[in-house]
Amino acid sequence: MCGIIAYSGKNGTNNSARELVEGLKKMEYRGYDSWGVAVATDQGIFLERKTGPISRLNKNPQKALPFGIGHTRWATHGGVTENNAHPHVSSDGRFVVVQNGIVENFLELKKVLQKKGYKFVTQTDTEVIVHLVHWELEKLNKEQELDKKSKISSPLSSTSSKSKLSIEKIFREAVRATFLQLSGRNTFVALDRKTESIVAIRQGSPLVIGKSDKEVFLASDTLPLLGKVPEIVYVDDDQLVEIKGLSLQMFSAKTGKEVKIKTQKLSQEVSKIDKDGFDHFMIKEIYEQQHTVTEAVSYSEEEFLPLIKELKKAEKIYTIGAGTAAFAAGQIARFLREAGYSAYELIAYDAESYIPIITKKDVVIAVSQSGETADTLEVVKVLKKKKVPLASIVNMMNSTLTRMSDYQFFSRSGPEICVASTKAYTAQVVWGYVLVQTMMGNYRKAQREVHELSTQLQEYFQQKKYQKVIKKLAQKLVKEEHVFVLGKSQHMYTSLEGALKIKEITYKHFEGFSAGELKHGVIALVEKGTYVFGIVGGSTKEKQETLNALAEVKARGAKVVGIASEPHEFFDVHLFAPDSNGLDPITKIIPFQLLSYYLALELKNDPDKPRNLAKSVTVK
Ligand code: AGP
């Protein structure tokens, strides 16, 4: 949610604006309501802000200095307007601020600041940060002034008086004092024209520094840094970063004491962030699954063993995630239960009531594409304090979740740019399958099955006839408002994830649920012409039960779409999906992903950037 970028280059260069816009484009998936950049110039600060997708600047900053900050916004407080777009400038024009998070006590702070005479010109919570920094600066400057005067009037007092602070330190301290007054998860960056410095603090939303001998970057993730810098520094919660030219210092935001910078090499082995000839990232990522499923399990048996040892001695195993990742977590818990383990899935944003019953004798497996989801991190943090062993399967390297984990696994799917998750989901499920099979002594068999799955997917994508049927169905669904998706047992999560995919990018009401739930209420919604999807896969019993449910809706006039390896007389439309034993949830989710993509195109929606959503939900 929201992407932050800051740039500071070598003296004499003037490419800050270009670097900022380029960096923002790579983080646009984090929020695309509005965007803006601020660049220091000879005259002051150049500022341009816009609503809508990241494009080009209308003007180029004249006499630009080599430092600036930028932001791409996912609106929380205040509508999607140019005025609410970041960066926000201080009332005296001295500095600008960008923020990722929510100032939870913003109304309280706003009242206090208004009493002090500050005029608010936006509806954002960020504006309280701007005015607070200004207020703190004034306060510190006054203190310094008084101190100076007292020294002049009484030279004897010089030994007892506070030492003179540099203007850089005053600015840094003003930012720090501001941070200490904010509640909530807030990462923000301030660029000060006067001291020519950039000061950032991380709390919650991620922040990473990229360094080379020519430039220093700050960004919400590593994507803008790839190919630019050889080294990175992960900023932890409550750390403050000060950048001036190419020099970099880090401090504790709580105490103000300097902390050691831990530099690491930036792994450049990440797939290119382009569409590779596809029209959208979504369809590219859907196709990539034929390979990413094997990448996700490219772990040796030995690499699984330490976690397996922990899981085998655990009293209970909990899996956790949010949204799509929660469905993958559910699927993994199911695999574990089928293998005889006491495993339970938690939905991150509703897990509070479980916290008291989870102990250090249990194990938690957290599932996340980004590793930065606030809902998941919040629960996991509490459990870590209770010393509960934590494993995670995350797609983005070096995320907060990974760094917190005792057992770190990566789904290795390459950057997933489309907001709607596809390849990350299948990678998580496949990883869970191989983990559980390895626990049962079937590592080799499971690896073979995943390779067979990969071949099945390759064949599926090659056969254009399957997608032709999906495209035709998409045309028919354009006018539909409510569609139901039924799945049984292992396909209950497929139905939830399938419906979510379609909701996310078509804005149509698709509802997924267990086929068993039908007669307990949902069937009341079915009338002549209602589309009902049925996922017919798994064991003969599972298939039969779903077919029974489809017979019942068909008897009430529903139009039945069957996702199955074989046609059936109940189906009005048959979407082929191969059977794949334990990995059936993967083959059966693909038609939903493709349908959501083609239906979004029919509806003229941007599949990569669905309305109101952001890729990484870093606020609560
Ligand atoms: C997926 O299509 C969604 N955009 C969303 O539900 C997502 O899965 C969820 O926000 C969790 O994100 P994470 O995997 O990065 O933790």
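Protein heavy-atom surface of the range 163-305, 1.4 angstrom probe: 49% of the accessible area is carbon and sulfur, with nucleic acids and ligands not counted. Ranking Met396, Ala329, Ile589 by Cα position along the charge dipole of the chain, where only Lys, Arg, Asp and Glu carry charges on their C-beta atoms, puts Met396 farthest toward the positive end.
Subtracting the Cα-Cα distance of Leu525 and Glu310 from 0.36 nm times their residue separation leaves 72.8 nm of extension gain. Accessible surface area normalised per residue over the range 463-608 is 41 Å², counting heavy atoms of protein chains with a 1.4 Å rolling probe. Quick one: angle between helix 167-181 and the longest Cα principal axis of the chain, in degrees between 0 and 90, rounded to 10, please. Approximately 50 degrees, to the nearest ten. Net length available on complete extension from Asn83 to Lys445 is 124.5 nm, with 0.36 nm assigned per residue and the Cα-Cα distance removed.
In plain terms, the chain from Glu480 to Lys59 could stretch by 147.1 nm, reckoned as 0.36 nm per residue minus the Cα-Cα distance. Taking every protein chain into account, the accessible area of the range 3-125 amounts to 43 square angstrom per residue (probe 1.4 Å). Every helix of 4 or more DSSP H residues in the chain counts as -39500 (n - 2.57), and over all residues that averages to -12000 deg cm²/dmol at 222 nm. Close amide H pairs (under 5 Å, H built 1.01 Å from N) link Asp362 with Glu315, Lys316, residues at least 5 positions away or on another chain. Averaging sequence separations of C-alpha pairs under 8 Å and six or more residues apart, then dividing by the length of the chain, give the relative contact order as a whole percent. This gives 11 percent for the chain.
At an R0 of 30 angstrom, the distance between the Cβ atoms of Thr13 and Ser252 translates into a FRET efficiency of 0.40. Packing around the peptides 83-94, 305-316, 350-361, 226-237, taken as the average count of other Cβ atoms within 10 Å per residue, puts them in this order, highest first: 83-94, 226-237, 305-316, 350-361. For the chain, the Kirkwood hydrodynamic radius from C-alpha pairs, put into Stokes-Einstein at 25 °C and a viscosity of 0.890 mPa s, yields a diffusion coefficient of 94 µm² per second. Here the range 1-104 has 45 percent of its accessible surface on carbon and sulfur atoms, given a 1.4 Å probe and all protein chains in place.
Within the chain, DSSP assigns beta bridges of which about 65% are antiparallel (rounded to the nearest 5). Rg and Dmax, both from the Cα atoms of the range 276-460 and both in Å, are 15.7, 50. The mean accessible area for residues of the range 276-460, using a 1.4 Å probe and ignoring ligands and nucleic acids, is 37 Å² per residue. Label reach from Lys119 (point 7 Å along Cα→C-beta): in the range 92-108, amide nitrogens under 17 Å belong to 92-94.
Cβ-Cβ distance of Lys385 and Lys465, R₀ of 60 Å, FRET efficiency by 1/(1 + (r/R0)^6): the value works out to about 0.65. Just the protein heavy atoms count here, and of the accessible area of the range 463-608 at 1.4 Å, carbon and sulfur take up 52 percent.
The values are calculated or read from the model by the stated rules, or taken from the named source; none is laboratory data. Note that the structure is a prediction, hence the values are computed from the model and not measured. In this analysis, Cβ positions are derived from the backbone assuming ideal geometry, glycine residues included, and neighbour counts consider all displayed protein chains. In case anyone asks, the SASA skips ligands and DNA or RNA and just uses the protein heavy atoms, side chains included. Shrake-Rupley method; radii C 1.70, N 1.55, O 1.52, S 1.80 Å.
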